[in-house]
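Here's the structure, in structure tokens; my notes come after.
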Amino acid sequence: MSSYDVIIIGSGPGGYVSAIRCAQLGLKTACVEGRETLGGTCLNVGCIPSKALLHATHMLHEAEHNFADMGLKGKSPSVDWNQMLAYKQNTIDTNTKGIEFLFKKNKIDWIKGWATIPEAGKVKVGDDIHEAKNIIIATGSAPASLPGVEVDEKIVVTSTGALTLNKVPKKLVVIGAGVIGLELGSVYARLGSEVTVVEYLDAITPGMDSEVQKNFMRLLKKQGIDFVMGAAVQSTEASKTKAKVTYKLRKDDSEHTLDADAVLVATGRKPYYDGLGIDALGVEMTQRGQIAVNDHWQTSVKGIYAIGDVIEGPMLAHKAEDEGMAVAEVVAGKHGHVNYGVIPGVIYTHPEVANVGATEEQLKEVGRAYKVGKFSFMGNARAKAVFAGEGFVKILADKDTDRILGAHIIGPAAGDLIHEVCVAMEFGASAEDLAMTCHAHPTYSEAVREAALACGDGAIHM
């Protein structure tokens, strides 16, 4: 029987980062993973492969729509779907092998197989039982579906199946207008699919700033994506090559159908802890089916911790990473901390969409007095030079103290620009602090500075 200071179950961003940090802190560490490769959903069938396809198809879009205007003449490239999938797989392989290298470098044991926890302090994998002073559950999440929707991962697919379709569908129906649905929907729209997004609510990307929602939807429509809003999907019917989606409009209860070559079910994700045996252990759960933890990520069972998608909070890889590092510090007898008020969110469409902190709607709800600084990318020279002038930066600051409360960006490199605001918020900066910081010209980041200036006396270039 092998014995460890800590065993992490799951090697996704939360799990592998936690394992590395535990090892760096001098703990004898093992990580259990049943997949053939490390990295969890994110690296294998989520964040990384989808970004590869988003990048490839954006290059196609540039070639088809912008190259000629830049004097790059010639026939538009044709799409070799199999080669694009091979590029995606190579991206996955490079990253997952990188994690394997980091495990070896940090002397972390990879226990291959699926884990159960027969009792506190013990982890069973196959026929072997391993002892651990501490166990960290980092098993992530799985796609959620709807009643009447049967997923076969061939015609009716989740994000996993959407990354490996054997051909580009002529017609694609996406159920759900959240991050996953819009990212993968935009991939196939660029490849020539007729994409229709069916959403139960009246706005896309639930919880996002309403002004961003409206502008984002307008831009996606310009890119050829159709939307059916306020629609409750009743069922899907799939044959070998086709599918039919039936939905009812909430406003009048009328029933409608859509024909498709493929259907992407993108209705969110749910915590995944199947087979761990946490029910028998008496691990306390939340009303929403998440593992309940305290401020130190401890479950109700001593010596067992949980992080990432299995606990409350946004299901984001970087949130899990932060928790993975923090819980490692706790297990090592140090102080672990995660600032949940400064966790950015990004949608990797084009333009990108990013946010951090509060929305206007949230500030109004709590009665917080605030001011808005806004700047359009049409006033940014770099953005206009690369056909990316659509979108804006919006910064929200406290009306009296000028402290930054949130930021919302739709535009080029929004997923990178948002971190300038994250750092400012982490240090409790004011909008004036950001406005008075010199920004290189010409860069997209100048739009962030201009929005911060707009919180005061006004932007310069608008």
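The values are calculated or read from the model by the stated rules, or taken from the named source; none is laboratory data. Model, not experiment: these values are computed from the prediction. Methodologically, a virtual Cβ is constructed for each residue, glycine included, from the backbone with ideal geometry; neighbour enumeration extends over all protein chains shown. Only protein heavy atoms, including side chains, enter the accessible area calculation; ligands, DNA and RNA are left aside. Shrake-Rupley method; radii C 1.70, N 1.55, O 1.52, S 1.80 Å.
Going by the alpha-carbon gyration tensor, a ≥ b ≥ c the square roots of its eigenvalues, is the chain rounded (a/c under 1.5) or, if a/c is not under 1.5, prolate (a/b greater than b/c) versus oblate? The shape class here is oblate. Our coupling estimate for the range 324-338, obtained by passing each phi through the Karplus curve with A = 6.51, B = -1.76, C = 1.60 and θ = phi - 60°, is x, 5, 5, 5, 4, 4, 4, 4, 7, x, 9, 9, x, 9, 10 Hz, Gly and Pro reported as x.
Per residue, how large is the accessible surface of the range 1-45? Use a 1.4 angstrom probe and give square angstrom.
30 Å²
Of the chymotrypsin sites (Phe, Trp or Tyr not before Pro) in the range 371-411, the ones in a loop by DSSP (not H, G, I, E or B) with at most 15 other beta carbons within 10 Å are 387.
Here the range 274-395 has 48 percent of its accessible surface on carbon and sulfur atoms, given a 1.4 Å probe and all protein chains in place. Can you work out the FRET efficiency for the pair residue 281 and residue 256, with r the C-beta to C-beta distance and R0 = 41 Å, to the nearest 0.05? Computed FRET efficiency for residue 281 and residue 256 comes out at 0.30.
Among the trypsin sites (Lys or Arg not before Pro) within the range 389-436, those in coil by DSSP and having at most 15 neighbouring Cβ atoms inside 10 Å are 399.
So what's the range 1-70 giving for Cα Rg divided by 2.2 N^0.38 Å, two decimals?
Its radius of gyration relative to the 2.2 N^0.38 Å reference: 1.75.
What the Cβ-Cβ distance of residue 102 and residue 2 gives, at R0 = 22 Å and to the nearest 0.05, is a FRET efficiency of 0.60.
Overall, the accessible surface of the range 1-100 at a probe of 1.4 angstrom is composed of carbon and sulfur to the extent of 51 percent. Among the trypsin sites (Lys or Arg not before Pro) in the range 117-155, none is located in a DSSP loop while being surrounded by at most 11 other Cβ atoms within 10 Å of its own Cβ. Taking +1 at the Cβ of each Lys and Arg and -1 at the Cβ of each Asp and Glu, which of 328, 164, 358 sits farthest along the dipole of the chain towards its positive end, judged by Cα position relative to the Cα centre? Projecting each Cα onto the dipole axis, the largest value belongs to 164. Note on residue 240 and residue 443: the extension gain reaches 68.1 nm, defined as 0.36 nm multiplied by sequence separation minus the Cα-Cα distance.
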